[in-house]
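Just so you know, all these numbers are worked out from the coordinates, no wet-lab data involved. Model, not experiment: these values are computed from the prediction. Ideal geometry is used to build each Cβ from the backbone, glycine not excepted, and the neighbour counts take in all protein chains shown.
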2 protein chains.
Amino acid sequence: MAPSKHRPDVFPLSETQRTLPIALLRAREAVMERFRPMLREIDVTEQQWRVLRVVQEAGEIDATQLASAACVLAPSLTRILKTLEARGLIALHRDEADRRRTLVNISAAGKSLLHDAGQTSAGIYKEIEERLGADRIADLLDALENVTQDLGPSNTDVTDDG
Amino acid sequence: MAPSKHRPDVFPLSETQRTLPIALLRAREAVMERFRPMLREIDVTEQQWRVLRVVQEAGEIDATQLASAACVLAPSLTRILKTLEARGLIALHRDEADRRRTLVNISAAGKSLLHDAGQTSAGIYKEIEERLGADRIADLLDALENVTQDLGPSNTDVTDDG
DNA sequence: CTTTGACACTTAACATGTTAAACATTAGGC
DNA sequence: GCCTAATGTTTAACATGTTAAGTGTCAAAG
């Protein structure tokens, strides 16, 4: 590989176009475009889908951890949980030990939806893997996770054990 | 299972967590968090900022090309242009040659805003560069651009002259 | 000139992002 | 028990994302 020293100052639009915010946005759009038809078919938004999957994987989980894992803000999660509960896909109840917390569980209907659409989703992701290469995706995921860690918590250390 | 008495803050890295949509979203959030204070200070949203910068770099540009370059959808751009025009940061007028098109220009106030805040923005980006390494960012940008291109060729309409 | 189809927005309706503020509960100190 | 601070969640207000449908314009054909 040649040393990455390409800075084509000649292009008028290159300055804004070759930046992390734009590049990350474009890449995410390219990926999500593949999933949108499936999501629209089951009448579930992208964020609702993430919430459902996290709830299924985590089992019973409180709203704060759910918001963090599903990458949605607390105000958004409040609305999403209300919608999903109204559709019967999840069940909500107060934590008896700490009545501030809302605990979330997946319902039978939610499990069924995830089981069916999950297969389609996995198929789409496999298509993407075949198109890009599993190793290339793994490298990109590593790079993204490293960037996230190196930029995100300036002070928040995750290592709980001293 | 006993209710969480202590906080298992770190969500176990499940299947959902190591996927392109989530990883791209998290990375973008980590980057944007650095720019948000500056944007809030000048009372400009992230999308409005992108639009302004593209208009400045491109000079006079029509709405369709602007939407594509700034990564916003047409309905969003309509509202954004209305807001920016009301604030006097841009000027809008019909294309005389093709009255379907809306042409956008930067105003003196817009130039002034971009000049001032642009310096801060550049400083923040430089901070990020120093933290991550310029070569590492360049590699990531290359990977992201390649992924974007490799996932989009279902639509082979490239009338983009450079 | 009129029709047809395509293009470039524009509007509408609902969902979420983003920020700030409010509410309910818990934990600790008096 | 009351007060204060902190935590977990909710509400509110505005901006944007997303999809579908509508409006105005251009271009080609009759």
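When Cβ neighbours within 10 Å are restricted to other protein chains, what is their mean count per residue of peptide A:108-115?
Average per residue, whole number: 0.
Of B:Leu73, B:Leu84, B:Leu25, which is the most mobile in a GNM of chain B whose springs link Cα atoms less than 10 angstrom apart?
Of the options given, B:Leu25 has the highest mean-square fluctuation.
Counting only helical runs of four or more DSSP H residues, what would the 222 nm mean residue ellipticity of chain B come to if each run contributes -39,500 (n - 2.57) and the total is spread over all its residues?
-20500 deg cm²/dmol
Across peptide A:54-60, how many C-beta atoms of other chains are within 10 Å of each residue C-beta, on average?
Partner-chain Cβ atoms within 10 Å, mean over residues of A:54-60: 3.
Using a Cα distance threshold of under 25 Å, what count of lysine pairs results for the protein assembly as shown when pairs must be 8 or more residues apart or interchain?
So the count of such lysine pairs works out to 5.
Taking every pair of alpha-carbon atoms in segment B:79-126, give the share separated by more than 11 Å as a whole percent.
70
Using the Kirkwood radius built from alpha carbon pairs, what does the Stokes-Einstein equation give as D for segment A:58-99 at 37 °C and 0.692 mPa s, in µm² per second?
Stokes-Einstein gives a translational diffusion coefficient of 301 µm²/s.
Please list, in chain and number order, the residues 5+ apart from B:Arg101 or on another chain whose amide H is under 5 Å from its amide H, with Hs placed from the backbone.
B:Asp95
How long is segment A:9-97 along each principal axis, judged by its Cα atoms, biggest number first, in Å?
63, 32, 21
Between the label point of B:Arg36 and that of the same position in each other copy, find the distances and list them shortest first in nm, with every label point placed 7 Å from Cα along the Cα-to-C-beta direction.
Distances to the matching label points in the other copies: 2.5 nm.
Across the Cα atoms of segment B:20-72, what radius of gyration and what greatest pairwise Cα-Cα distance (Dmax) are found, in Å?
Here Rg and the maximum Cα pair distance are 12.9, 36 Å.
What is the average number of partner chain Cβ atoms found within 10 Å of a Cβ in B:127-140?
The per-residue average across the peptide is 4.
Kirkwood Rh, Cα Rg: Rg to Rh for segment A:53-145?
Result for segment A:53-145 is an Rg/Rh of 1.07.
Could you check the simple spin-label distance between B:Glu33 and A:Ala138, using points 7 Å along Cα→Cβ, in nm with one decimal?
In this crude label model, B:Glu33 to A:Ala138 measures out at 2.8 nm.
With no solvent and one point per C-alpha, what does the Debye sum give as log10 I(q)/I(0) for chain B at q = 0.16, 0.18 Å⁻¹?
Taking Cα atoms of chain B as identical point scatterers yields -1.12, -1.29.
Nm distances between the label at B:His115 and the same-position labels in the remaining copies, 7 Å along Cα→Cβ, shortest first?
6.6
Could you list, bin by bin from short to long, the percent of Cα-Cα pairs of the protein assembly as shown in 20 Å steps?
The calculated distribution, bin by bin, is 27, 55, 18, 0.
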